[in-house]
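Working notes for the structure below.
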Amino acid sequence: MQMKPWEEKLVALWNWATKGRRSWLSIPLLLVFVLLPALGGFVKSYQELFAKIAPYFHSKETHLSQDEKDLLDQEEWGLIIARANSESDAEKKRNDFMDAYRQSGHRNVAGQLIWKNDVLIVRDPGEAGVWLVAIDMYPGPASREQLQQGVLEMIESERATGTRGEPLQRWLNGSAPYRFTKAEFELTYGNIIP
């Protein structure tokens with residue numbers, strides 16, 4: 001097998017460095033050119049491995065926002081009306097929804113908006129990095145059927161006021177009842193710290 005010119009020069013250099021009284025150079029040369037790079041690669045590979053497996057041995061922890069506590073404390077059903085990729089985007093969507101909701105005429109006997117303080121911004125329990133705009137429609141636990149009935153009630157109140165374009169109904173057509181549970185939330189975000 002024919003050696004390349006640089007390989008021939010490397011062999012010649014090695015032979016020169018390790019002949020006669022210079023033979024003591026062979027150990028430092030091996031150390032510098034073979035053992036230290038091998039040790040460096042060995043250490044680097046273990047650092048990468050440790051970085052990948054360390055999160056499995058450290059439990060994640062999270063704190064709940066007040067909105068998340070409202071839904072998770074009693075593991076309630078909430079009506080998801082929008083998804084967003086950031087909290088600020090979710091806040092904007094909530095404001096847009098509230099504008100449509102104010103026009104709908106969905107009020108109690110005192111003339112106040114029924115769910116004025118119940119439109120919440122929460123993290124998606126099943127997918128990190130996603131924010132939800134959800135309505136906590138009833139105090140305490142409610143069923144999926146009750147939420148669906150509440151949606152129909154809001155749509156009917158908007159029809160009764162004759163709001164042009166029915167913007168609230170457009171929001172509610174894409175809504176979905178969802179049961180918020182601590183167990184699912186903790187799988188995604190870690191143990192809930194009070």
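The values are calculated or read from the model by the stated rules, or taken from the named source; none is laboratory data. From a predicted model like this one, the values you see are computed outputs, not experimental measurements. Because the Cβ atoms are built from the backbone with ideal geometry, glycine has one as well, and the counts that use them run over all protein chains shown. Please note that ligands, DNA and RNA were not included when accessible areas were found on the heavy atoms of the full protein model with its side chains. Shrake-Rupley method; radii C 1.70, N 1.55, O 1.52, S 1.80 Å.
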## Note on the structure
Helix 144-161: inclination vs the chain longest Cα principal axis, degrees, rounded to 10, gives 60
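Got a number for carbon plus sulfur as a percent of the chain's accessible area, 1.4 Å probe? Intermediate results must be reported in sequence, preceding the final value.
Working: 7470 of 12940 Å².
Heavy-atom surface of the chain belonging to carbon and sulfur, 1.4 Å probe: 58 percent.
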### Message
To the nearest 20 Debye, how big is the dipole of the range 14-77 about its Cα centre, given +1 on the beta carbon of each Lys and Arg and -1 on that of each Asp and Glu?
### Response
1540
#### Entry: Label-point gap, in nm, between residue 57 and residue 160 - each point 7 angstrom along Cα→Cβ
6.3
### Query
Given H placed 1.01 Å from N in the peptide plane, which residues other than close sequence neighbours of residue 76 have an amide H under 5 Å from its amide H?
180
### Message
Compute the helix-to-body angle for 5-17: its Cα long axis versus the longest principal axis of the chain, expressed 0 to 90° and rounded to tens.
### Response
60
### Query
In the full protein assembly as shown, how much of residue 91 is accessible to a 1.4 Å probe, in Å² to the nearest 10?
70
### From the C-alpha gyration tensor of the range 68-194, square roots of 5λ in Å
26, 16, 12
### Query
residue 18: accessible area at probe 1.4 Å, nearest 10 Å²?
40
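May I ask you to derive the relative contact order of the range 42-126, considering only C-alpha pairs under 8 Å and at least 6 residues apart, and to give it as an integer percent? Write out the running numbers ahead of the final one.
On the way: 28 pairs, mean separation 25.8, N = 85.
So the answer I get is 30 percent.
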### Task
Pull up all non-local amide H partners of residue 175: gap of 5 or more, or a different chain, and H-to-H distance under 5 Å with H placed in the peptide plane.
none
### Task
Compare the peptides 132-138, 77-83, 167-173, 59-65 by average per-residue count of other Cβ atoms within 10 angstrom and give them in order, highest first.
132-138, 77-83, 167-173, 59-65
### Message
Between 0 and 90 degrees, rounded to the nearest ten: what's the tilt of helix 87-104 against the longest Cα principal axis of the chain?
### Response
10
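Can you give me the accessible area per residue for the range 82-151, using a 1.4 Å probe, in Å²? Please report the intermediate quantities before stating the final value.
Values: 3610 Å² over 70 residues.
Accessible area per residue, the range 82-151: 52 Å².
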